[in-house]
Structures are given as structure tokens and as C-alpha cells.
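Have a look at this one before I ask anything.
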Amino acid sequence: TRKADLFDHLAWQIRLSSITPEEEQVALLIIGNLDEDGYFKMPAVEGEAEDAAPRDPLVRVAFETGVGIELAEKVLHKVQALDPIGVAARDLRECLLLQVRAMNADTPEIVGIIERHLRHLESKNYGAIAKDLKISVEEVVKAVKVISRLEPKPGRAYSGDEAQYITPDVYVHKMGDKY
């Protein structure tokens, strides 16, 4: 599968970085739990209710590797700095923030829209965004242009979602008024 490609791509970068064996173990657990879009998600533990409040997957990584939450967080930030930028984010908001920070485009307007107005952004309610952030609609539009160039699914380039072509077994042709 192509899912392994994202894991391999990230693992290769981890091995090239200056990282301790303990940090490498944490990093490999994190990248082993990325979904096809590149988001950091941990599967539910046996006995854990499916509808339980979603926990930060970092807590589980710290528990499973026996490291402190501070070290797990430090390693997560190292993984999030790898290519593709935005990978290992826990949600869309974090993914977009990682990308604007990497581009040095993290202006107060752009960060404000990402942190507090993704719903308004989705519905193109620029008036509500402008009013809340106390900026003009033109400034909102300018910020939205930057945000629209970001990749909401950083793992997409490594997923196996390629077009599958189907070849029919039989062709039916019309000749005159008969098939």
C-alpha cells in the first residue's frame, strides 16, 4: 500500500535528525498512528467506550512509551516539523497553523481566522469574521487567499487514492436498429 510511503518518508527524516533512541521510539509510535490524511489519531483502546470524549493521542503515546508528557510533546513538535508540513496535526486547526507558521504567514488575522472562524470560513461568512476580528472584509479576503493555498490533508500525496479504471467484459454496439 502507499500508506507505508508516508511512514517510510517520515521515518527516514527521523533517522536523519539528531534524536535520541528514546525520542525515536516515541516518534515512530506517532508516525505509525497517522491516518491516510496525515493526521495523528490513536485507535480506541479495548474497553474504552467508542463515544467517550476524544482524548489527546499524545497522552496515550506518553503512557505506551513510558515517557513524560513533556518529552512526548517535544517529539510531536519535531515530527510536525517534518515534510510534509502539517503532518501529525491532531485536527484541521492545528494542521493549518503549522503550515502558516512554517511559511512565516502567521499574521494575527490569519491565525485568528484559523483558530476561531473555520466554520465561518467554510460558509464564506466573511462579514462575521471581519466583525469579530475588528478588521475589514478586504483584509479577511486577503487572509482567506493565503489560507486557501494550504493543504488540509498533508498525507494526501502519500495515500493510495489513485483513480482505478474498470475495463468492461462486454461492449454492446447499435447497428442500425439492432444491438
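The values are calculated or read from the model by the stated rules, or taken from the named source; none is laboratory data. Please read all numbers here as calculations on a predicted model, not as lab measurements. No Cβ is skipped: glycine too gets one built from the backbone with ideal geometry, and neighbour counts run over all protein chains shown. Just so you know, the surface numbers come from the protein's heavy atoms only, side chains and all, with ligands and any DNA or RNA stripped out. Shrake-Rupley method; radii C 1.70, N 1.55, O 1.52, S 1.80 Å.
Take the conditions part of a loop (DSSP other than H, G, I, E, B), within 30 Å of Glu24 (Cα to Cα) and under 13 Å from the mean Cα position of the chain (by Cα) and apply them to Glu36. Does it pass?
Here the answer is yes, as Glu36 does meet what is asked.
So, of the residues in the stretch 41-76 that are open to solvent by 30 Å² or more (accessible area, probe 1.4 Å), aliphatic (A, V, I, L, M) and not in a loop (DSSP other than H, G, I, E, B), which turns out to be modelled with the highest pLDDT?
Leu71
Among the residues of the stretch 125-144, how many are among the charged types (D, E, K, R) and surrounded by 12 or more Cβ atoms within 10 Å (Cβ to Cβ)?
Counting residues in the stretch 125-144 that are among the charged types (D, E, K, R) and surrounded by 12 or more Cβ atoms within 10 Å (Cβ to Cβ) gives 4.
A quick yes/no check of all residues on (1) at pLDDT 95 or above; (2) surrounded by 11 or more Cβ atoms within 10 Å (Cβ to Cβ); (3) within 28 Å of Leu10 (Cβ to Cβ):
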position: Lys78; (1), (2), (3): yes, yes, yes
position: Glu94; (1), (2), (3): yes, yes, yes
position: Ile114; (1), (2), (3): yes, yes, yes
position: Val146; (1), (2), (3): yes, yes, yes
position: Glu162; (1), (2), (3): no, no, yes
position: Val172; (1), (2), (3): no, no, no
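Of all residues in the stretch 98-112, count the ones that are among the small types (Gly, Ala, Ser) and open to solvent by 20 Å² or more (accessible area, probe 1.4 Å).
1
Could you check the stretch 86-106 and list, in sequence order, the residues that are part of a helix (DSSP H, G or I) and free of Cβ contacts under 8 Å to residues at least 40 places away in the same chain?
Passing the criteria: Arg93, Glu94, Leu97, Leu98, Arg101, Ala102.
Assess whether Asp83 counts as being modelled with pLDDT of 90 or more, in a loop (DSSP other than H, G, I, E, B) and not aliphatic (A, V, I, L, M).
yes
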